[in-house]
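This report concerns only the one structure given below.
The values are calculated or read from the model by the stated rules, or taken from the named source; none is laboratory data. Not measured: the values here are computed from a predicted model. Using ideal geometry, Cβ is built from the backbone for each residue, glycine included, and neighbour counts are taken over all protein chains shown. In case anyone asks, the SASA skips ligands and DNA or RNA and just uses the protein heavy atoms, side chains included. Shrake-Rupley method; radii C 1.70, N 1.55, O 1.52, S 1.80 Å.
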Amino acid sequence: MTASRSNAVGLLRWLRRQLAQPTPLRERLEAAVANDDPDEARRCLAQFEFSASQRHHVEALLDAWERERAGA
């Protein structure tokens, strides 16, 4: 597993814990992660309401994912 994939998988695991109910938007988000598409993931995540600390955590995971993709 590449570093980029490990960050994407980490993001997906965290989101599954936070977003317990499967919804079309969550499924779209999971597809974005599966297709290694952080831009689509950001668009999906913009539609969710998170606390400030949750938003910060999600943004940090997305940033790390994008950095690792750029270096891959």
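With the structure loaded, tell me whether ALA8 is part of a helix (DSSP H, G or I), modelled with pLDDT of 90 or more and surrounded by 17 or more Cβ atoms within 10 Å (Cβ to Cβ) or whether it fails that test. So ALA8 does not fit the description; no. Taking segment 28-72 as the range and being touching a residue at least 12 places away in the same chain (Cβ under 8 Å), in a loop (DSSP other than H, G, I, E, B) and open to solvent by 80 Å² or more (accessible area, probe 1.4 Å) as the test, the residues that pass are GLN47, ALA72. Taken over segment 11-27, the residue count meeting the criterion of being under 14 Å from TRP65 (Cβ atoms) and either touching a strand residue (DSSP E or B) at 6+ places or on another chain (Cβ under 7 Å) or open to solvent by less than 70 Å² (accessible area, probe 1.4 Å) (or both) is 4.
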